[in-house]
Amino acid sequence: MSGEGAIIAEELVKVYGGKVRAVEGVSFTVRPGEIFGFLGPNGAGKTTTVTMLAAGLRPTSGQAIVDGVEVSRDPEEVKRRIGVIFQEGTADGDLTGRENLEVAAGCYGMSRSDGKERATELIDKMQLTDAADRYAKTYSGGMRRRLELAVGLIHRPRVLFLDEPTLGLDPQGRAGFWEFILSLRKETGMTVFVTTHYLDEADGMCERIAIIDHGRIAATGSPAELKDKLGGDVVTIRTSGPTPDVTPVLQAIRGVSSITKKDDTYRVKCMQGETFVPLAVEAASKAGVGVTGVSVKRPSLDEVFLEFTGREYRGEEGPTETDKAVMMGHIRQNLRGRR
Amino acid sequence: MLTELVALTRREFLKLARNPQAIFTSLLFPLVYLLLFGNGFNLNPLAELQNPTQAQISAALDFYFRGAPNYYSYFSAGMVGFVVVTSTLFIGANVIFDKLFGIFKRTRGTPAPSAAVFGSRLIAGAAQPIALAFLVLGLALLFAHIPGLNGLHVTQSITPLGAGEVLAAIVLLALMFATLFLTFGILLDVPQTYFAAVNLLNLPVLLTSDALYPWGTMPGWLQTISQYNPISLCVNVLRETFFGSAVYPYPPAIYLGGLLAWAAVLIGIALLLVRRALRPLE
Ligand SMILES: Nc1ncnc2c1ncn2[C@@H]1O[C@H](COP(=O)(O)OP(=O)(O)OP(=O)(O)O)[C@@H](O)[C@H]1O
Ligand SMILES: [Mg+2]
């Protein structure tokens with residue numbers, strides 16, 4: 001039943017302690033080899049969904065199929081096939097990077113020598129060679145994240161779950177991280193499911209995204225499709241004078257959905273800004289109005305996000321996982337400083 | 001299963017080796033008791049007897065110390081049980097700290113069987129108290145040869161069977177409490193709650209045993225209770241083996257049996273509780 005999807009979520013529901021309805025009927029399909037972004041405000045239910053897919057939490061109802069295996073039926077087999085990077089750091093500070101990897105290899109049943117070999121390979125790939133035999137508690141945030149990624153990849157998973165993998169990384173760190181994920185996907189054809197708060201990241205890296213809010217999917221599609229749903233681009237045209245009014249002329253051009261005029265400036269919402277602009281200039285000059293300036297604005301995923309969730313940040317709730325992760329980061333930093 | 005168990009056990013021992021403070025503290029505790037408490041509290045009932053006969057001496061020793069030649073010898077055997085129980089406390093605390101740092105979640109995210117997750121921690125967590133138990137015995141024996149210090153005087157010759165029974169008693173006591181505290185650690189998430197739970201259990205168990213009290217000074221009701229106390233059962237095996245069985249109603253094997261029964265019940269309950277918590281899918 002799972003032929004087309006590397007990850008299939010069917011009406012997943014999670015109610016914590018009979019009260020907190022964290023996820024309320026989430027369905028989607030992630031295609032094999034796809035990079036799928038899962039976006040949503042704090043507390044939307046991203047981590048809860050990932051944890052259910054990664055066999056870490058039993059859904060209250062609904063089902064998940066990962067790499068052809070029904071999660072509730074054979075969670076251990078699912079765990080064998082997937083890699084997970086948890087939102088909060090999970091590196092073992094008292095162990096060296098290499099030991100972290102070797103222990104993980106053992107947990108996947110790899111022999112000692114296979115584990116050592118694979119650890120060295122990943123240390124190389126993650127550019128942790130110089131730090132490999134240092135305790136992980138001495139690592140910088142970026143190094144920790146790379147180590148955690150390496151741990152998640154130790155057994156060559158077919159599906160990789162990343163829960164806010166670039167949280168707290170600097171721009172170079174984020175870029176490097178994604179570069180690695182992309183090359184890995186190219187190499188192995190691995191499916192990647194990623195939650196993130198960084199919309200530019202999702203825009204650039206994900207083939208498709210789903211936006212979750214209040215435990216429900218608000219929208220699904222490629223970044224371009226979702227932007228189109230907003231009604232396309234916004235073109236601003238400044239003309240030589242407020243009269244004559246060229247609104248009817250512009251309105252007649254194909255793909256235009258709305259126009260607002262203020263003095264000599266027209267704000268036009270249309271499907272494709274680039275093709276609209278030359279037509280608009282031509283039509284305006286025919287009507288005797290000169291065009292003195294034009295700008296085309298593509299909606300960013302930020303606008304999509306705002307459109308579908310109605311807000312940027314949900315402040316009324318208790319500490320979210322993000323807050324906790326950041327807090328744990330501070331605690332670690334302090335512990336590290338003191339030793 | 002074995003690969004996972006070996007990998008995770010190695011991890012536990014690496015962690016242990018890298019935490020010298022914890023090792024130091026766990027060493028300090030029995031050392032202070034052996035040096036200070038054992039010497040400071042050195043009750044001597046013989047001092048009150050004037051020109052005692054041999055029979056009076058041995059009657060007094062039997063009454064107060066159940067045949068041990070002095071309080072320190074009696075006490076240091078008891079310290080073994082005491083140390084085994086108090087030093088198993090780390091095992092559950094480590095789980096809770098690993099939970100706080102996400103490390104436990106990481107391990108649970110792998111297909112490593114629950115038995116390997118539990119077993120690795122049990123092995124490492126029981127090894128420490130067992131090692132400490134033998135350290136206490138070794139130190140107490142050594143102190144007997146240092147002038148000015150009290151020490152453990154073994155009055156019987158130890159047979160291989162006797163040595164085996166002593167080892168079995170120590171291992172059983174360590175496994176029993178390690179399993180119990182490990183279960184607490186797995187079921188609880190907050191360090192404060194854990195330490196409260198452990199203390200709630202530890203203190204009554206320790207203080208209803210005859211590990212530290214001279215037997216003859218205990219009231220009858222406490223003597224009765226202490227006979228069923230697992231620490232007493234372990235310590236009885238040691239004392240009977242070291243100082244002779246004259247005052248003991250049963251041979252060491254019976255006390256071992258009692259210890260085994262305790263272990264079976266406690267480990268059974270613990271595994272039942274922990275099985276739910278460690279299911280592959282929570
Ligand atoms: N163990 C839990 N018990 C009770 N409620 C929980 C638990 N875990 C999460 N929740 C609640 O469920 C909701 C969804 O949480 P979740 O962690 O899945 O959100 P998220 O989208 O990952 O948020 P963030 O962006 O902050 O990581 C939140 O309201 C949260 O408070
Ligand atoms: Mg989250």
Filter pass, A:LYS14 being within 16 Å of ligand 2 (Cβ to nearest atom), under 30 Å from A:VAL304 (Cα atoms) and either open to solvent by less than 20 Å² (accessible area, probe 1.4 Å) or within 10 Å of chain B (Cβ to nearest Cβ) (or both): no
Checking A:VAL50, A:VAL13 in turn, the sole residue that is in a helix (DSSP H, G or I), closer than 16 Å to B:GLU282 by Cα, among the aliphatic types (A, V, I, L, M) and in contact (Cβ under 8 Å) with a residue 40 or more places away in the chain turns out to be A:VAL50
Quick check on segment B:9-25. Is at least one of its residues away from chain A (no Cβ under 14 Å) and either more than 30 Å from A:ARG80 (Cα to Cα) or in contact with a His (Cβ under 8 Å, 6 or more places away or on another chain) (or both)? yes
In the set A:ALA44, A:ALA22, which member is within 16 Å of ligand 1 (Cβ to nearest atom) and either outside the structural domain of A:GLY204 (by TED's automatic domain parsing) or closer than 22 Å to A:LYS79 by Cβ (or both)? A:ALA22
Scan segment A:121-141 for residues that are over 22 Å from B:GLU12 (Cα atoms) and either within 12 Å of chain B (Cβ to nearest Cβ) or surrounded by fewer than 19 Cβ atoms within 10 Å (Cβ to Cβ) (or both) and jot them down. A:GLU121, A:ASP124, A:LYS125, A:GLN127, A:THR129, A:ASP130, A:SER140, A:GLY141
Conditions (1) surrounded by fewer than 17 Cβ atoms within 10 Å (Cβ to Cβ); (2) at positive phi -> B:LEU28 fails only (2)
I'd like to check something: does segment B:80-93 contain any residue that is away from chain A (no Cβ under 14 Å) and not in a helix (DSSP H, G or I)? yes
Got at least one residue in segment B:103-114 being without any contact (Cβ under 8 Å) to a residue 24 or more places away in the chain, assigned to a loop (DSSP other than H, G, I, E, B), open to solvent by 20 Å² or more (accessible area, probe 1.4 Å) and not β-branched (Val, Ile, Thr)? no
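Conditions tested, residue by residue: (1) without any contact (Cβ under 8 Å) to a residue 40 or more places away in the chain; (2) touching a helix residue (DSSP H, G or I) at 6+ places or on another chain (Cβ under 7 Å); (3) surrounded by 16 or more Cβ atoms within 10 Å (Cβ to Cβ); (4) of a type in the set (Gly, Ala, Ser).
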| site | (1), (2), (3), (4) |
| --- | --- |
| A:THR243 | yes, no, no, no |
| A:PRO248 | yes, no, no, no |
| A:ARG254 | yes, no, no, no |
| A:LYS269 | yes, no, yes, no |
| A:PHE276 | no, no, yes, no |
| A:SER285 | yes, no, no, yes |
| A:GLY290 | no, no, no, yes |
| A:PHE305 | no, yes, yes, no |
Determine, yes or no, whether A:PRO32 is more than 13 Å from chain B (Cβ to nearest Cβ), assigned to a loop (DSSP other than H, G, I, E, B) and within 25 Å of A:ALA150 (Cβ to Cβ). yes
Considering only residues that are in contact with an Asp or Glu (Cβ under 7 Å, 6 or more places away or on another chain) and either open to solvent by 10 Å² or more (accessible area, probe 1.4 Å) or not assigned by TED's automatic domain parsing to the domain that holds A:GLY40 (or both), look in segment A:157-181 and name the one that is farthest from A:GLU34 (Cα to Cα). A:ARG174
Pairing a residue in segment B:33-51 that is touching a residue at least 12 places away in the same chain (Cβ under 8 Å) with any residue that is surrounded by 16 or more Cβ atoms within 10 Å (Cβ to Cβ) and of a type in the set (Val, Ile, Thr), where Cβ atoms lie under 7 Å and the two sit 6 or more apart in sequence or on different chains, gives B:LEU34/B:VAL136
From A:GLU88, A:GLU77, which residue is among the acidic types (Asp, Glu), open to solvent by 30 Å² or more (accessible area, probe 1.4 Å), within 16 Å of ligand 1 (Cβ to nearest atom) and within 14 Å of another protein chain (Cβ to nearest Cβ)? A:GLU88
On the basis of being part of a helix (DSSP H, G or I) and not basic (Lys, Arg), does A:LEU147 make the cut? yes
Within segment A:58-68, is even one residue in a loop (DSSP other than H, G, I, E, B), at the interface with chain B (Cβ under 8 Å from one of its Cβ atoms) and over 20 Å from the mean Cα position of the chain (by Cα)? yes
Go through segment A:4-22 residue by residue and tally those that are within 17 Å of A:PHE36 (Cα to Cα) and β-branched (Val, Ile, Thr). 2
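Any idea which residue in segment A:105-119 is nearest to the other protein chains (Cβ to nearest Cβ), counting only those that are under 29 Å from the mean Cα position of the chain (by Cα) and open to solvent by 10 Å² or more (accessible area, probe 1.4 Å)?
The residue in question is A:TYR108.
The values are calculated or read from the model by the stated rules, or taken from the named source; none is laboratory data. All figures in this text were calculated on a predicted structure; none of them were measured in a lab. We place every Cβ from the backbone using ideal geometry, glycine too, and count neighbours over all the protein chains shown. Side chains included, ligands, DNA and RNA excluded: accessible areas come from the protein's heavy atoms. Shrake-Rupley method; radii C 1.70, N 1.55, O 1.52, S 1.80 Å.
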